[in-house]
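The values are calculated or read from the model by the stated rules, or taken from the named source; none is laboratory data. Quick caveat: nothing in here was measured; it's all calculated off a predicted structure. Heads up, the Cβs are rebuilt from the backbone with ideal geometry, glycines too, and the neighbour counts pull from every protein chain shown.
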Amino acid sequence: MCGFARKDRERVEREIQEVEFKVLFEVFQKQSAAMTAFDSWASVLKFMHLAGGDADRKNAVLVAILQARSDFPDQRWATIFLGIFWPGLEGIHRRKKHWDDDAKECWQNVLLAFLAVIERLDLAKRAERLVQRIIWETIHRLHDHYRRVWQQNDFGTPTDNVLLQDKVLDWDIGCDLVDHFDEIERVILRLRQHVKSGRINETDFFLIVSVRFKGRSIQECADELGIGYQAAKKRRQRAEAALRDLCLE
């Protein structure tokens, strides 16, 4: 962990121990069934960072916090979300710091992208797989920021293979799985090679990646593609079957 990120993390962890955060927790705990198993914000963070934890329960905790923030806006919620997602944010910075000559500036941009995503998150639109959704949208927003910087400075777009997939890849990770980036990248790049070789087409690629890695529903993909649900479902099944038959997946 970079020194500046370590200091920020220590500051966040100190803040959630302060009296006003303890009061917030006590009020919130009484109003949310998802919080009854916890005795402090520290215990919430420990659970959310736990490798192999219950994904559905983690999602329920996030939904409860987001709903509470909507009902009772307070700047302390931003600190809580930073604490929960800290490992994931460090993972994003570790993988994307080459986008900026200044690693500290990149870290600040990761935090700003994340906070903007949290601020605009709409539970009514989708409340499933929130960890993956928030990580993905943070990467997407960070990339949009740097794309504008590259265009303004006429640097062009970096040619690293990871960036080529950022528009479709949702890192299929929780806060406890940030070290799985390389494995996911390899899968996506293999699928891209199958497109180039003609084994699957761009629509097949979009469906496989969106459903398997991005956590989107087949219906969402069908709507975006302008085709019916059954057609989208069959296309994805046929594409994955073709890859399995060729032992190429």
Could you tell me whether the range 49-57 includes any residue that is at pLDDT 90 or above and either outside the structural domain of residue 124 (by TED's automatic domain parsing) or of a type in the set (Lys, Arg) (or both)?
no
Consider residue 38 carefully, then state whether it is without any contact (Cβ under 8 Å) to a residue 40 or more places away in the chain and closer than 26 Å to residue 128 by Cα.
yes
Suppose we keep only residues that are under 15 Å from residue 136 (Cβ atoms) and part of a helix (DSSP H, G or I) within the range 207-220. Which one would you say is modelled with the lowest pLDDT?
212
Evaluate the following for residue 78: is it in contact with an Asp or Glu (Cβ under 9 Å, 6 or more places away or on another chain), under 22 Å from residue 126 (Cα atoms) and surrounded by fewer than 18 Cβ atoms within 10 Å (Cβ to Cβ)?
yes
Identify all residues within the range 80-107 that are free of Cβ contacts under 8 Å to residues at least 40 places away in the same chain and under 24 Å from residue 44 (Cα atoms); write none if there are none.
81
Can you name every residue in the range 204-217 that is crowded, with 18+ Cβ neighbours inside 10 Å and under 20 Å from residue 133 (Cβ atoms)?
206, 207, 208, 209, 210, 211, 213, 214, 215, 216
Filter the range 79-103 down to the residues that are of a type outside the set (Gly, Ala, Ser) and under 26 Å from residue 17 (Cβ atoms) and list them by number.
79, 80, 81, 82, 84, 85, 86, 87, 89, 90, 92, 93
Any residue in the range 112-136 that is within 14 Å of residue 65 (Cβ to Cβ) sitting within a Cβ distance under 8 Å of a residue that is among the polar types (S, T, N, Q) and in a helix (DSSP H, G or I)? List the pairs, counting only those 6 or more apart or interchain.
123/67; 123/70; 127/59; 130/59; 131/59
Selection from the range 32-56 of residues surrounded by fewer than 13 Cβ atoms within 10 Å (Cβ to Cβ) and of a type outside the set (A, V, I, L, M, F, W, C) yields 36, 39, 46, 52, 54, 56
